[in-house]
Amino acid sequence: MKIALDSTSQNSFIHFISDDSRENLTQDSNAKNCAFLITKSNEHYVESAKENGFTQFIKPQNLKELLDLNLKIVGITGTNGKTTTAAMLYSILLDLGHKVALLGTRGFFINGIQKRPKGLTTPSLLEIYSAISEARKENCDYFVMEVSSHAIVQERIEGLDFALRILTNITSDHLDYHKTLENYIATKNSFFANPLDLKLINKDEPNASYALQKTITYGIESPSTLQVKAYSLRDGITAQIAYGQEIANLECTLFGKHNLYNALAAIGAAKLLENVSLQKICEKLENFGGVLGRMQIISQKPLIIVDFAHTEDGMEKIFQSFPHREIAVVFGAGGDRDKTKRPKMGLCAAKYAQKLYITSDNPRSEIPNTILQEILAGIPQHLREKRTILLEESRAEAIKIAIKNLKDNEVLLILGKGDETYQIIGDSTIHFDDVEEAQKALKLRIL
């Protein structure tokens, strides 16, 4: 990536910054004004950069001198809930009258306008700094961003000063990259190790480890700074919450206990950042309409919901949101990714759902049926005998069959891909959208 610096920059020697050593500057008249940014990901290519004409080299800490980063950055990490929590906080801060930027899985937004399409949860270091600088040029007060475990390990957030760091939860994920659960947990917790950083931590998360200094907690089960006094999840979320001596009532149209946690994190963050009344923050959150692909309601009658849940823990939280309904579920697991979670996902689904439609997610280079069989292997025989289980490689067909067989007292959960609009099969990436497929199947059902 290559970015241009503001012409008003105090540095007269650097007009451009690039982190791509393959960029050839030997024929570029502006070569002497382009600096190469050395990061953990490209540090082995410095010699290549020199060969291609780079003569100036900078490190992430130098970016503060070259870019205007004078705004409050909020970083949110966790296995699940990053996207929804970030979107909730973004919405609250906007409704409180602030100019706000949001960077994460869904893309880059400034004041309600999408600036860049969805990509990596946390993009490259230079992209992040560029986005923050762009937000500052539009006079943003806040920059809310998701922070992935990959980004922490690869130091893609190096040099950033966070006004607040938030932890949603830590469960098993990305073990294909981190190798062990212990490594993954340690990576997440490393984001909260500095006693000088202001932190907002889920007190109910047993895997959380953090410096106690400057730490505020939120929770439902455990005593915490921001505490739920009572709640109901029957039709959306209704809760009474307390922060110190302040008590407020929250009403939210979203489903599930996991979304109550997300709401607490967003409310707690807004309280720490703005210190307005707790009730006012709760009222602003009531305007939040949800995130595409996160507990997205496709149909009310019959009730059909699309969600991104793609881990055992994520699935369980969704299932637990519907204790009063029979559950049908369509799900799979991604190919060339952590295989250990497949049988766990199968068992989790069989514990909660009466109908299981096990299908493809993004099989990539793996044989789809092999993935399906590995999911099925996690379901013990006694549960197989009590459940309706269908293995169907075609995700479109699985959705179609599930909707055709759906009864009025059931909820259909289509899990794993959320708002993704593609499917990766072999070397091909094809258009595929769970929402579109569900809507097509619903029309056939009506006919």
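The values are calculated or read from the model by the stated rules, or taken from the named source; none is laboratory data. Just so it is clear, the structure is predicted and the values come from calculations on it, not from any experiment. Here the Cβ positions follow ideal geometry from the backbone for every residue, glycine too, while neighbour counts run over all protein chains shown.
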Buried (at least 21 other Cβ atoms within 10 Å of the Cβ) and basic (Lys, Arg): which single residue out of Arg364, Arg342, Arg325 fits that description?
Arg342
Just checking: which of the strands (runs of 3 or more DSSP E) contained wholly in the stretch 59-134 hold 2 or more residues that are surrounded by 18 or more Cβ atoms within 10 Å (Cβ to Cβ)?
72-77, 100-104, 107-110
If a residue has to be of a type outside the set (D, E, K, R) and within 24 Å of His324 (Cβ to Cβ) to count, how many in the stretch 380-398 make the cut?
3
Considering residues of the stretch 83-112 that are modelled with pLDDT of 95 or more and out of contact with any strand residue (DSSP E or B) (no Cβ under 7 Å at 6 or more places or on another chain) only, the residue nearest to Ile152 (Cα to Cα)
Met88
From the options Gln423, Gln381, residue that is under 26 Å from the mean Cα position of the chain (by Cα) and either more than 27 Å from Lys443 (Cα to Cα) or surrounded by 15 or more Cβ atoms within 10 Å (Cβ to Cβ) (or both):
Gln423
Report those strands (runs of 3 or more DSSP E) wholly inside the stretch 355-447 carrying at least 2 residues which are in the same structural domain as Ile327 (by TED's automatic domain parsing) and out of contact with any Asp or Glu (no Cβ under 8 Å at 6 or more places or on another chain).
388-392, 422-425, 428-431
State which residue pairs qualify: first residue within 24 Å of Lys72 (Cβ to Cβ) and without any contact (Cβ under 8 Å) to a residue 40 or more places away in the chain and inside the stretch 269-296, second residue of a type in the set (Ser, Thr, Tyr) and assigned to a helix (DSSP H, G or I) in any location, beta carbons under 8 Å apart, and separation of 6 or more residues or different chains.
none
Suppose the filter is over 28 Å from Lys72 (Cα atoms) and either of a type in the set (A, V, I, L, M) or within 17 Å of the chain's Cα centre (by Cα) (or both); does Ile247 pass it?
no
For Gly334, all conditions in the list (1) surrounded by 16 or more Cβ atoms within 10 Å (Cβ to Cβ); (2) part of a helix (DSSP H, G or I) hold save one; what is the number of the exception?
(2)
Is it true that Ala265 is assigned by TED's automatic domain parsing to the domain that holds Leu376, surrounded by 21 or more Cβ atoms within 10 Å (Cβ to Cβ) and out of contact with any His (no Cβ under 8 Å at 6 or more places or on another chain)?
no
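Let's see how each residue does on (1) of a type outside the set (Val, Ile, Thr); (2) within 19 Å of Gly81 (Cβ to Cβ); (3) in contact (Cβ under 8 Å) with a residue 60 or more places away in the chain:
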| residue | (1), (2), (3) |
| --- | --- |
| Lys188 | yes, yes, yes |
| Gln213 | yes, no, no |
| Ile237 | no, yes, no |
| Ala242 | yes, no, no |
| Glu251 | yes, no, no |
Is at least one residue of the stretch 155-164 touching a Ser or Thr at 6+ places or on another chain (Cβ under 8 Å), under 26 Å from Pro223 (Cα atoms) and assigned to a loop (DSSP other than H, G, I, E, B)?
no
If Lys50 passes every condition in (1) under 26 Å from Gly290 (Cα atoms); (2) at pLDDT 90 or above but one, which one does it miss?
(1)
Please name all residue pairs, on different chains or six or more residues apart, with Cβ atoms under 6 Å, provided the first residue is in the stretch 37-66 and is without any contact (Cβ under 8 Å) to a residue 40 or more places away in the chain and the second residue is surrounded by fewer than 14 Cβ atoms within 10 Å (Cβ to Cβ).
Ile38/Phe57; Ile38/Lys59; Asn52/Asn24; Gly53/Thr26
